[in-house]
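Just so it is clear, none of the values below were taken in a lab; they were calculated from the coordinates. The structure presented is a predicted model; accordingly, all values stated were derived computationally and were not measured. Here the Cβ positions follow ideal geometry from the backbone for every residue, glycine too, while neighbour counts run over all protein chains shown.
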Amino acid sequence: MQISVIGCGYLGAVHAVCMAQLGHSVVGIDVDAAKVAGLAAGEVPFFEPGLSDLLAASLQSGRLRFSTAIDEVRGADVHFIAVGTPQADDSLAADLGYVDAAVTALLPHLASGSLVVGKSTVPVGTAARLADLIEAAGARLAWNPEFLREGFAIADTLRPDRIVYGVRPGDGQSVTTLDAVYAAAIDRETPRIVTDFATAELVKVAANAFLATKISFINAMADIADATGADVTQLAEAIGYDERIGRRFLNAGLGFGGGCLPKDIRGFLARADELGAGESLGFLREVDALNSRRRERMVGLAQELCGGSVAGARIAVLGLAFKPDSDDVRDSPALDVAVRLRELGAEVRATDPQAVSSSRRIHPQLDYVASAEDAVAGADLVLLLTEWQQYRELDPAAIGSLVTTRMLVDGRNCLDPASWRSAGWVYRAPGRP
Ligand code: UDX
C-alpha cells in the first residue's frame with residue numbers, strides 16, 4: 001500500500017520504518033527540515049535499539065523516503081497522523097496544536113476515498129471533531145492508538161499484543177483498509193478490537209493511567225514498608241504471583257517519567273474535568289502526587305545520608321534517562337533528582353550510557369562524565385537512579401575502591417543488597433529495610 005506518516009518523532013519515525021518493513025511504500029513527513037534530512041540520510045535522532053539498522057534497510061529497499069513537503073502525501077491510500085500531543089504550557093491538558101496543524105495541512109491533499117488514521121494520544125472527543133473536517137474533504141477517519149514502549153518500539157509496532165480501530169459505526173471500509181495495512185499481524189491472529197472513536201481514544205489513556213496507578217501503588221507500599229521495616233521487593237514478588245495482579249510494573253523506586261505516562265494522566269484528568277467527570281479520576285491526582293514525592297524522598301534520603309545537608313557533598317548519579325535503554329530525559333526522575341541536589345549545593349557528577357547529550361541540552365549546568373567509574377571517583381554518596389544493565393552488574397568491591405565513602409542508594413531496587421553490604425557498603429533503597 002501507499003502510506004504517508006505525518007510527524008516523524010519517536011512514534012512516527014518508528015511507524016514509518018516499520019510500515020516500510022511490512023512491504024508498504026512509505027513517505028514520512030515532518031516540518032523539521034534537519035530531522036527529515038537526518039532520517040533520509042539514515043540517522044535516527046534518538047536512541048532506540050535496532051532502529052538504525054531497520055531504517056537503513058528500509059531506505060535501501062526504496063520503499064521509504066522522508067520529506068518536509070506535505071504535498072508528497074498525494075497518492076497515499078492511508079495517512080497516519082503521528083505528531084506529538086505534549087502537555088500544554090499553562091495547564092494539565094494536552095496541547096493539540098500539532099494534531100490540528102497536521103490535519104489542516106493534509107486536508108487539501110486528501111484523495112476521495114483515502115483514509116486518515118490517528119495514532120497520536122488525544123483527549124476523547126478529538127476524533128469526532130476531526131472526522132467532520134476529513135469527511136467534508138471526501139476522505140474517512142479511523143483512530144488507531146499506539147502502545148509502543150521506548151526500548152521495545154520496533155517489536156511493539158511489528159508484533160503488537162493487540163490492535164484497536166476506532167471507526168464511525170458501520171464503517172467496514174476503514175476496517176478492511178486497516179486490516180490490509182496490518183495484514184501480517186492480522187494473519188498471526190493478533191487480537192483486534194473494532195470500536196467507536198471515543199473508546200479507541202480512551203483505550204490509550206486508560207492503559208497508561210492503569211500502568212501509572214500500578215507503579216504508584218507499589219511506591220505507596222514502599223512508603224509503608226519503610227514505616228514498618230517490611231521489604232517491598234518481596235511484597236511485590238508475593239502479590240505478583242496472583243495472576244489477577246501480576247508482577248510486572250510493580251518495581252518500587254523513583255517512580256515513572258518519560259514522554260507518555262506523566263502527561264497522559266494529566267491530560268486525562270483535564271479532559272475528565274471538562275466533561276464534568278473529574279471526580280471519577282480524582283485518584284489520578286494522587287497517583288501523580290505520589291510519583292512526584294518519590295523524587296523529594298530521594299533528595300531527602302541523600303540529605304539524611306550526608307548528615308542533614310548535601311551542600312558540598314560529592315554525589316555520583318548513575319543514570320539520567322527516564323528508564324534504561326533510552327536516551328529520553330523528558331520528565332525523567334533521575335535527571336530531576338540530579339538537578340535538585342545540585343541546587344542544594346551538592347557537587348553532582350552524573351553519567352548515563354546514552355542520555356548525557358540529551359540531559360546536557362536542557363541542564364547544561366550539571367557536571368557530566370563518561371562512565372560510572374568517573375562519576376564515583378572520590379564520591380561521598382552514590383545514587384543509582386536508572387537501572388541500566390551495566391549498573392546492575394557493577395562490582396561492589398571495584399566501585400568501592402574508587403569512592404571516598406561506601407554509601408549507596410539503589411533508587412530502582414535493582415541491586416543485591418547482601419553483596420553490597422558484604423563489600424562494606426551502606427546500602428539503602430526505597431521500601432527495603
Ligand atoms: C509507556 C507505556 O508503557 C506504553 O504502552 C505507551 O505506549 C507509552 O508509555 P514508555 O513511556 O516507553 O511507555 O515507558 P514504560 O516502560 O511504560 O515506563 C514508564 C516509566 O515507569 C519509566 O520511568 C519506568 O522507569 C517507570 N516504571 C516502570 C517504574 O517505576 N516501575 C515499574 O515497575 C515499571
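Below is a table of values for the structure above.
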quantity: Highest-fluctuation residue, Asp325, Asp196, Asp89 considered, GNM on the chain with Cα pairs under 10 Å; calculated: Asp89
quantity: Farthest positive-ward along the range 251-307 dipole, Cα basis, beta-carbon charges - from Gly267, Val287, Ala302; calculated: Ala302
quantity: For the chain, alpha-carbon Rg relative to the globular expectation (2.2 N^0.38 Å, N residues); calculated: 1.05
quantity: Long-range HN-HN contacts of Phe47 with modeled amide H, under 5 Å; calculated: Asp327
quantity: Highest average packing first - 80-87, 295-302, Cβ atoms within 10 Å; calculated: 80-87, 295-302
quantity: Relative contact order computed over the chain (Cα-Cα under 8 Å; 6+ residues apart), in percent; calculated: 12 percent
quantity: Sequence ranges 137-145, 30-38, ranked by mean other-Cβ count within 10 angstrom, highest first; calculated: 137-145, 30-38
quantity: Positive dipole terminus of the range 243-374, leading residue within Ile245, Gly255, Ala346 (C-beta point charges); calculated: Ile245
quantity: Pairs of Lys in the chain closer than 17 Å at Cα, counting only those 8 or more apart or on different chains; calculated: 7
quantity: Check: the chain dipole with +1 on Lys, Arg Cβ and -1 on Asp, Glu Cβ, in debye; calculated: 300 debye
quantity: Dipole in debye (nearest 20) - the range 77-154, about Cα centre, beta carbon charges: Lys, Arg +1; Asp, Glu -1; calculated: 240 debye
quantity: Listed residues Ala185, Phe217, Val103: farthest to the positive end of the dipole of the range 75-225 (Cβ charges); calculated: Ala185
quantity: For the range 1-137: Kirkwood Rh in Å [reciprocal of mean 1/r, alpha carbons]; calculated: 15.2 Å
